[in-house]
Each structure stands twice: as C-alpha cells, then as structure tokens.
Amino acid sequence: MLTLEVALQLVLEQTSPLTAQSLPLVEALGLVLAEDIVSDVDSPPHDKSIVDGYAIRSEDLSQQSRFEVLEEVTAGQVPTKSVARGQATRIMTGAPIPDGADTVVMIERTRLEDSQSGAQLVRIDSAACRPGQNIIRQGVSMRRGEVVLSTGSVLRPIELGLLAEVGRATVQVYPRPRVAVLATGDELVPVHSIPAPGQIRNSNGPMLVGCVAQAGGEVMDLGCCRDDQAALASKVDQGLGADILLLSGGVSAGVLDLVPAVLEQAGVNKVFHKVSLKPGKPLWFGVCTRDRRRTLVFGLPGNPVSSLVCFELFVRPAIRALGGHSELSLQPAKARLAEDFQHRGDRPTYFPAKLDTSTDSPNVSPLAWQGSGDLRTLAAANGLAYFPAGDQLYAAGSLVTVYRLPE
Ligand code: AMP
Ligand code: MG
C-alpha cells in the first residue's frame, strides 16, 4: 500500500496554480498575488508632521520663545507660506511641512498669546527641539517605482491596505479553486429530514463544504446522491466542471461502493486507491482532463473522521497549490502527551486530540475516540496527534507531533 508521503507527492504532481485573474482589490482577501506590485507614489508623499503643533526653524528657539503664526495647515491642505525667522505655521498631523521649517513642536508645549497688533502669536515653552523632530520625510516608507509586494504574497488585510495605498483597484491573483462536494450513500438524508430506520443525516456534506471554504476554495455543493450507477454518473458529470471534485463514501470494498467504477467510466484516470493511513485507508484519487480542463477527483471514505483526516492531509494541500500558495499542509507542532497512550496498528495514525498551548510546554491529550464515525468526539478536538505505525506505549510526557486543525 502507498505511504502517505508518496500518495501526497502523487497528488501534488498533478497540481499547478490556476490561471491568474484580475480581481477587484476587496475580493482578493486570502488569495495569492500573481504579479509584482510597483508603487506609483512616494510614501509619505511629502515631508509630513506626525503631531499637531507648530512648524518652525529649530535654530530660532535658541534666540526666542515667541513666534508669529502665519497660517494653519490641516491634513489634506498644502502650506501657502514659507516659514522665516521668528515665524510658525500651525500644523496638524499628516499635513505637509511648510518650506523653511525644519521641526514641529507639539501643541502641548505651546500657548497662544494675545498681541496688540492683531497678529497671532504663539509662545513655545521648550528650548529643546532637534531639527527634523516630529517630521517623517517624503518616501521613507517607499519610493515611487519600487516593488512593494512580490508574486506569491498572500493577501491579508494589511496587504489590501498597501495595495490601496499604491493605487491598485484591481490585482492579478490566483483564483479560488472551484470545489464540487458530493456525498454518496443510500442511507443519507439531508439535514432537514428526520432519518427513517436505517438512515442517517449527511454530515460529511456540510463538514466538507466548511473544510473547502476554510482552505480557500469556492464551493459547488452537489448535495447527496444514492448508491446508484446512473444517478452517480450524472452528479459526477456535473462535478467534473469544477477544478476539484470531492466525493465522500462508496470507495471501500462493499457491494454498493460504486464510486471508483463510476469515476473511471466518466473518464477519470485513477492515480491511486488506498493509502497506508488510519483513518482514511480507502482514499481514491484520480485526474480527469476534458476540453483542456483538468479536474482532480478525490473519493474520500464515508466515515466522517476519515473524511476529515483525508481532507486535511490531501485535499487541503491540493486546494492551496491550485490557489498558488506555497504553504500547503497543516504545520506540525510538538507537544507532550498529557497521559500514557497505547498506540496499536500497522498504519500511521492521525488521532483526534486536544492540544493545550496555554503553558510554556504545550501538551496534548488524544481523545477517547469511538471509531471513525465519531464526529461528536472530533468536535472536542483541535488537533490531530500523529503516531507512526507499530504497537507502542507512549508514556505521559513523551513528545509527539500534532497538527493543529484550522479554526
Ligand atoms: P462508506 O465509505 O460509504 O462505506 O461509508 C462508511 C461509513 O460512513 C458508513 O457508516 C456510512 O453510513 C458513513 N457515511 C457515509 N457517508 C456519510 C455522510 N455523508 N455523512 C455521514 N456519514 C456518512
Ligand atoms: Mg456508502
């Protein structure tokens, strides 16, 4: 049976970033840049004041403490007068520094005074004032023509702000991969139904829809489908219009596990079936090329925990790779076992676990998991603890690898 590493490699070999698209800035959150971004402005665009105060010539303060107020400049205005000896311009945060001035004294260190002549005077209390104080020079953050973000950058809110600052209303990004989600199984009923004897609600559908959205995909929800060749074939046909088709159920060895055969009949070429992994062994993966469109197809096992583990280990990296991301997989962390743990099995295991990182020494407790249908226990998990193949007793305090589940 394939190892997890080889299987993941086989998946990633089939992925390359989707064709870049131009999107409005505010729709690009979480996406990856597909171009280098050059600034069209200096930032700041002018020497600017970082306080409310008075712009003066610093050398004047050694000779006098009373200054003539020339004008007031607020952010968005430009000074109209040069500051000469003995003069001051009242200036607000963000406003351009007037010619002649080389420092700004904070308003808290000044006091307006009456004068007989009608001119406004300001008394500046402090003698200590360096040239350049409270002034940010033009272009210190960035220069016009400079590359400020590179291809491959993930667009967080901060980057959206920076893109706006440099005038980019639209940006070239790798689009969200479109991911069709289809749950299969005769026993499944939709969430709003009361299950009849023998039936259960389709919990994988909404879970996988959530997983896809969380991983940065755009969901095409195909609902559930009975274990019926013709019905499956029609849904699969719909799903092959997406970049990724995710099915759950019907990939094991039961009499109604029709998914692999239906997929192959639809022209999906199998890359592998079954991985040495627990839970998640029956995973099926293939690729379909139609009208020059490629669809990666994953048949996930029906058990919810298996589905989730397979999603996180294989589907998330594929979605992220198509989206142009460089960080594909969940990142491992090390934590100490909170109690003894007996691992049994000949396959590497990803065990739902509770990771506590509130102390300097993170610890992890594998949960009392009742088989791979146990979503209830999974809901208490915030990580998957990894145990290599082989029976072994791990003593409390042993260091184990844990993959934190995304929130
Ligand atoms: P299968 O992979 O089709 O053999 O299904 C394995 C187990 O997962 C069975 O107990 C199914 O009832 C259960 N299962 C399959 N699909 C779903 C689903 N969409 N939601 C919840 N449980 C499911
Ligand atoms: Mg089934």
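Every number in this text was worked out from the coordinates using simple rules, so none of it is lab data. Nothing here was measured: the structure is a model prediction, and the numbers come from that model. Glycine gets a Cβ as well: all are built from the backbone with ideal geometry, and neighbour counts include every protein chain shown.
For the stretch 123-264, what is the per residue volume of the convex hull drawn over the alpha-carbon atoms, in cubic angstrom? Kindly include the intermediate steps, with their values, before the conclusion.
Values: hull volume 34.3 nm³, N = 142.
Normalising the Cα hull of the stretch 123-264 by residue number yields 242 Å³.
Report the residue, chosen from THR295, THR377, THR359, that carries the largest GNM mean-square fluctuation when the chain is represented by alpha-carbon nodes joined by springs under 10 Å.
Looking only at THR295, THR377, THR359, the largest GNM fluctuation is found for THR359.
Pulled fully out, how much extra length does the chain show between THR377 and ARG143, if you take 0.36 nm times their separation in residues and subtract their Cα-Cα distance?
Numbers: separation 234, 0.36 × 234 = 84.24 nm, distance 5.40 nm.
Here the segment from THR377 to ARG143 would lengthen by 78.8 nm.
Got a sec? Which residues in the stretch 240-255 would a label at GLN265 touch, if it sits 7 Å along Cα→Cβ and we count backbone N under 20 Å?
Those under the cut-off are 240-241, 245-255.
May I ask for the Kirkwood hydrodynamic radius of the stretch 153-194, worked out over all distinct Cα pairs and given in angstroms to one decimal? Walk me through the numbers before you get to the answer.
On the way: mean 1/r = 0.0686 Å⁻¹.
This gives a value of 14.6 Å.
Report the FRET efficiency, 1/(1 + (r/R0)^6), for ASP291 and ILE158, where r is their Cβ-Cβ distance and R0 is 30 Å, rounded to 0.05. Spell out each step's value before the answer.
Values: r = 39 Å, r/R0 = 1.31.
Between ASP291 and ILE158 the formula returns 0.15.
What distance in nm lies between label points placed 7 Å from Cα along the C-beta direction at SER203 and GLN116?
9.0
Is the stretch 31-124 rounded, prolate or oblate when judged by the Cα gyration tensor, a ≥ b ≥ c being the square roots of its eigenvalues, rounded requiring a/c under 1.5 and prolate requiring a/b larger than b/c?
Values: a/c = 2.89, a/b = 2.80, b/c = 1.03.
Cα axes put the stretch 31-124 in the prolate bin.
For the stretch 40-184, just the Cα set please: Rg and Dmax, both in angstrom.
Final numbers for Rg and Dmax: 22.4, 90 Å.
What do the square roots of 5 times the Cα gyration tensor eigenvalues come to for the stretch 13-80, in whole Å, largest first, as semi-axes of the equivalent ellipsoid? Present the calculation step by step, with values, prior to reporting the outcome.
Numbers: eigenvalues 505, 35, 20 Å².
The answer is 50, 13, 10 Å, longest axis first.
Which whole-number value in Å³ per residue fits the convex hull of the alpha carbons of the chain? Provide the component values of the computation, followed by the final result.
Details: hull volume 83.0 nm³, N = 407.
Each residue corresponds to 204 Å³ of Cα convex hull volume.
In straight Cα distance, which aspartates and glutamates are under 19 Å from LYS354, not counting same-chain residues fewer than 8 positions off?
Once the sequence-local aspartates and glutamates are set aside, what remains near LYS354 is GLU312, GLU339, ASP340, ASP374, GLU407.
Relative to the present Cα-Cα distance, how much length would full extension add between VAL41 and ALA196 at 0.36 nm per residue of separation? The partial results should precede the final answer.
Working: separation 155, 0.36 × 155 = 55.80 nm, distance 6.56 nm.
Once the chain is fully extended between VAL41 and ALA196, it gains 49.2 nm.
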